[in-house]
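Every read-out reported here was derived from the displayed coordinates using simple, explicitly stated rules and does not represent laboratory data. Please read these numbers as outputs of a predicted model, since none were measured by experiment. All Cβ positions, glycine included, derive from the backbone under ideal geometry; neighbour counts span all protein chains shown.
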Amino acid sequence: MNIAAVLALLQSQFFQFPGGDIFSQILTFAIYIFIFLSLFYGQRIQLHIMLREVEGSLYKLKYIRDEGRRIAIEAIKEVGKPQTDPTPRVDRFLEYFTISPQSLDPAGVVWKLEHILDVRDTRFKDEVRLLAPSADETQANNLENTLEAAMALNYIYKVIRHYFLLGKKTLSLYVIMQIQMILPLVMREAEAYASALKAFAYGQPIGDGVGALVAAKLMHGYPLRKVPKDCVVATVPIEGRTAYVIKAEGPGGNVGKPGDAIKTIIEENEGKISNIIMIDAALKLEGEDVGEVAEGVGAAIGGPGVDQFKIEETILKYRIPINAVIIKEDIGDAVSPMRKEVFEAADKAIERIKQLILERTKEGDKIIICGVGNTIGIGQ
Amino acid sequence: MSKASSEASASTKVSSFVLLAIFITLVVAIMALILAVQAYSMESYEVATILLIIGFLGVVASSYVLLQTRQRMIRLRIEAPPITTTIECKKCGFKAVREFQRGDYIFKEVEPCQKCNEKMLITAIYREVREKGKPSFPF
């Protein structure tokens, strides 16, 4: 049967309402109904399709959130050996919030933010101590990270649920459309936190810790001392220079305050530091390889910005050049157990650092090397 | 069963409405296929062709939706990837690889070396990811 014959057949079958056999009449009627529905209810049908899609993702988010809660409670029971059931306290913890400081007058907002974050940190630590009285410091830090991941999952679920229910209530295409459009990115983040949960609960190194791993590899075997806050420093001879290698104190889940640590070392040396090299994990763009090492200038440190601000203030005061080495990975790799490619990139980063030291400093100079990131599962 | 686990199982189950819709589509599609055979035997080839197309599309669509529902259930599980711990003896270079155990961390001193009895060190903890094949675009 050729195409012309098929078209003629379709025309005769589909567009003849009266007459013809019963089958073609039903089919023609169905097509008219379809056209009518598309014309007058097309947007509403689209809205319901979007709602179904969001609902499907919401089921998944709910499952991930519940799993997160369950893993956190199990970890607390196993490690902390509490006398009473920790579930109500964990549920209360998952609802914690932090109000960021008022920035209408931006002068001094960094110090206000730092204070709020310090209060939050102390509150979390106290809460974990109450939840898990038998946990040592490392385990308590890991539990804190586990609870924070569970908290993030709870928050994501609640926000998506809010927009889903709001869209359903108002039947507003624009409310639903907004959430449906960002949903793939939100799901990616939620899945990343889900894989982070077990890593935090078991104390496994995560992708974000690659900066701390580089510092740990450089300082291993040298005498250490603690510097504020929650950081360690080792004096390491590298290529004829004296390097102060800094990282957060491991192996518990901890990022420390590298801003304070760098400031302390600079002030101890009265500003006589010839270069600062910061190493951190950075988000890769799609198409880039996991574990790619790149080099640049500036303070390579994420977070709320307090530490970056402090580092920039101090290096400006003493006019110290600052370089950065980053190891690329995506959000999923950053919070889930460290990938082999990322682990191997630590050695490449060390080679880059040595090259940078040879090119940018003279023999006998003093330098600071700071490995930034969560040091969970990484000792020193 | 705790509240959390019962809620989790509720989110993994397939809606009975969806299952009913899949079942009805499948029945209608099979009926269309049977009618197509009947129309073919009555030498009404055009009707047989259309019924065959409808029946075939119906079977494909319902099987696809059923498969997707099953895959959604599979995707809902949080998988813990296998983590490898590498232990090394700094003195004789003896290397051992084992599964990650709770309490392991990089640069932790562990059991003595089988060869020289020196304390061994955890030098690596990582997971291996099998890439699903690189996309074919040349960028």
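Within 10 Å of each candidate Cβ there may be at most 12 other Cβ atoms; applying that plus a DSSP loop requirement, which GluC sites (Glu not before Pro) in segment A:336-366 survive? Before the final figure, lay out each step's value.
Values: sites: A:GLU341, A:GLU344, A:GLU351, A:GLU359, A:GLU363; in loops: A:GLU363.
Passing both the DSSP loop test and the Cβ count: A:GLU363.
Among the DSSP beta bridges whose two residues both lie in chain A, what percent are antiparallel, rounded to the nearest 5?
On the way: 18 of 36 bridges.
Expressed as a percentage, antiparallel bridges in chain A total about 50.
Any aspartates and glutamates with Cα under 15 Å of the A:LYS81 Cα? List them, leaving off those in the same chain fewer than 8 positions away.
Within the straight-line cut-off, A:LYS81 pairs with A:GLU127, A:ASP136, A:GLU137.
So if a site counts as exposed when it's one of the trypsin sites (Lys or Arg not before Pro), its DSSP state isn't H, G, I, E or B, and it has at most 11 other Cβ atoms within 10 Å, what's the longest stretch of chain A without one? Please report the intermediate quantities before stating the final value.
Values: sites that count: A:LYS272, A:ARG319, A:LYS362.
The answer is A:1-271.
Which ³J(HN,Hα) values in Hz, rounded to whole numbers, follow from the phi angles of segment A:128-145 under the Karplus curve 6.51 cos²θ - 1.76 cosθ + 1.60, where θ = phi - 60° and Gly and Pro get x?
Values per residue, Gly and Pro as x: 5, 5, 6, 6, 10, x, 8, 6, 7, 4, 4, 5, 5, 5, 5, 5, 4, 5 Hz.
For Cα pairs less than 8 Å apart in space and 6+ apart in sequence, what is the mean separation divided by the residue count of chain A, i.e. the relative contact order in percent?
Numbers: 656 pairs, mean separation 74.1, N = 380.
Normalised by residue count, the contact order of chain A is 20 percent.
How much net charge surrounds A:ARG44 when only the other residues with a Cβ under 14 Å from the Cβ of A:ARG44 are counted, with Lys and Arg +1 and Asp and Glu -1? Each step should come with its number before you reach the end.
Details: positive: A:ARG52, A:LYS168; negative: none.
Here the count lands on +2.
Over segment A:234-360, what is the relative contact order in percent, taking alpha-carbon pairs closer than 8 angstrom and at least six residues apart?
Details: 173 pairs, mean separation 35.2, N = 127.
It rounds to 28 percent for segment A:234-360.
Please list the radius of gyration and Dmax for segment A:106-157, considering alpha-carbon atoms only, with Å as the unit.
Reported Rg and Dmax, both Å: 13.6, 43.
Run the reach check for A:LYS284 against lysines, Cα to Cα strictly under 19 Å, same-chain hits fewer than 8 apart removed. What comes back?
By straight Cα distance, A:LYS284 reaches A:LYS328, A:LYS340, A:LYS348, B:LYS132, B:LYS134.
Would you mind checking the tilt of helix A:210-219 against the longest principal axis of the Cα atoms of chain A, expressed as 0 to 90 degrees and rounded to 10?
Relative to chain A, helix A:210-219 is tipped by roughly 20 degrees.
Pull up all non-local amide H partners of A:CYS231: gap of 5 or more, or a different chain, and H-to-H distance under 5 Å with H placed in the peptide plane.
HN-HN under 5 Å from A:CYS231: A:GLU249, A:LYS257.
Once phi is turned into ³J(HN,Hα) by the Karplus curve 6.51 cos²θ - 1.76 cosθ + 1.60 with θ = phi - 60°, what whole-Hz value does each residue of segment A:279-296 show in order, with x for glycine and proline?
Taking θ as phi minus 60°, the curve returns 10, 8, 7, 9, 6, 8, 8, 4, x, 7, 7, 5, x, 5, 9, 10, 10, x Hz for segment A:279-296.
Is there a simple number for the mean count of other chain Cβ atoms within 10 Å of the Cβ of residues in A:338-350, and what is it?
Numbers: counts 6, 5, 6, 4, 2, 9, 2, 0, 2, 0, 0, 0, 0.
Mean partner shielding for this stretch: 3.
Just in segment A:25-120: which chymotrypsin sites (Phe, Trp or Tyr not before Pro) are loop by DSSP and have at most 16 other Cβ atoms within 10 Å?
A:TYR96, A:PHE97
How far, in degrees from 0 to 90, does helix A:22-75 lean away from the longest principal axis of the Cα atoms of chain A, to the nearest 10?
Value to nearest ten degrees: 30.
Per-residue ellipticity at 222 nm for chain A, helices alone: DSSP H runs ≥ 4 residues times -39500 (n - 2.57), over residue total, nearest 500 deg cm²/dmol? Present the calculation step by step, with values, prior to reporting the outcome.
Details: 11 runs with 221 residues, N = 380.
The helix-only estimate for chain A comes to -20000 deg cm²/dmol at 222 nm.
With the cut-off at 28 Å, tell me which of the pairs A:LYS198/B:LYS91; A:LYS317/A:LYS366; A:LYS217/A:LYS272; A:LYS158/A:LYS257 have Cα atoms farther apart than that. Present the calculation step by step, with values, prior to reporting the outcome.
Values: A:LYS198/B:LYS91 34 Å; A:LYS317/A:LYS366 17 Å; A:LYS217/A:LYS272 25 Å; A:LYS158/A:LYS257 31 Å.
Checking Cα-Cα distances, A:LYS198/B:LYS91; A:LYS158/A:LYS257 exceed 28 Å.
Quick one: grab the alpha carbon gyration tensor of segment B:83-127, order the square roots of its eigenvalues as a ≥ b ≥ c, and give me rounded if a/c is under 1.5, else prolate or oblate depending on whether a/b is larger than b/c. Walk me through the numbers on the way to the answer.
Details: a/c = 2.16, a/b = 1.83, b/c = 1.18.
Prolate shape, in that a/c is at least 1.5 and a/b is the bigger ratio.
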